[in-house]
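Chemist: So that we are looking at the same thing, I have put the structure below in structure tokens.
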Amino acid sequence: MKKIGILYGRGREFPVAFIREVNRQGEGEIEASGVTLDKVIAGETPAYAVIVDGISAEVPFYREYLKTAALSGTAV
């Protein structure tokens, strides 16, 4: 199963609708959820095949996380 993560801030309307629609259309083959970051370990591959970014312009840490994820093969 492929996982899609959405990285977002305070705005909840679009992310919740996006997640709901992807999960509805994915029919068990694709699962969407909000990205949760507990800790980041260098060289560790993210659990997501795709990450949709909605906040990295405001939070520098997320930019670095997304760069690392892209280098490890995640589509950002």
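The values are calculated or read from the model by the stated rules, or taken from the named source; none is laboratory data. What you see is a predicted model, and the numbers here were worked out from it, not measured in a lab. Ideal geometry is used to build each Cβ from the backbone, glycine not excepted, and the neighbour counts take in all protein chains shown. Calculation scope for accessible area: heavy atoms of the full protein, side chains included, ligands and nucleic acids excluded. Shrake-Rupley method; radii C 1.70, N 1.55, O 1.52, S 1.80 Å.
Chemist: Using only the alpha-carbon atoms of the chain, report the extent along each of the three principal axes, biggest first, to the nearest angstrom.
Modeler: That works out to 33, 27, 19 Å along the principal axes.
Chemist: A further question follows. Using 0.36 nm times the number of residues separating R20 and A42, minus their current alpha carbon distance, what extension gain do you get?
Modeler: On the way: separation 22, 0.36 × 22 = 7.92 nm, distance 3.11 nm.
Fully extending the segment from R20 to A42 adds 4.8 nm.
Chemist: Could you report the chain's accessible area per residue, 1.4 Å probe, as an integer in Å²?
Modeler: Working: 5370 Å² over 76 residues.
For the chain, the solvent-accessible area averages 71 Å² per residue.
Chemist: Still on this structure, I have one more. Take the chain, mark every one of the trypsin sites (Lys or Arg not before Pro) that falls in a DSSP loop and has at most 10 other Cβ within 10 Å, then report the longest stretch left between them, sites excluded. Write down the numbers at each step before the final one.
Modeler: Numbers: sites that count: R10, R12, K39.
Answer - 40-76.
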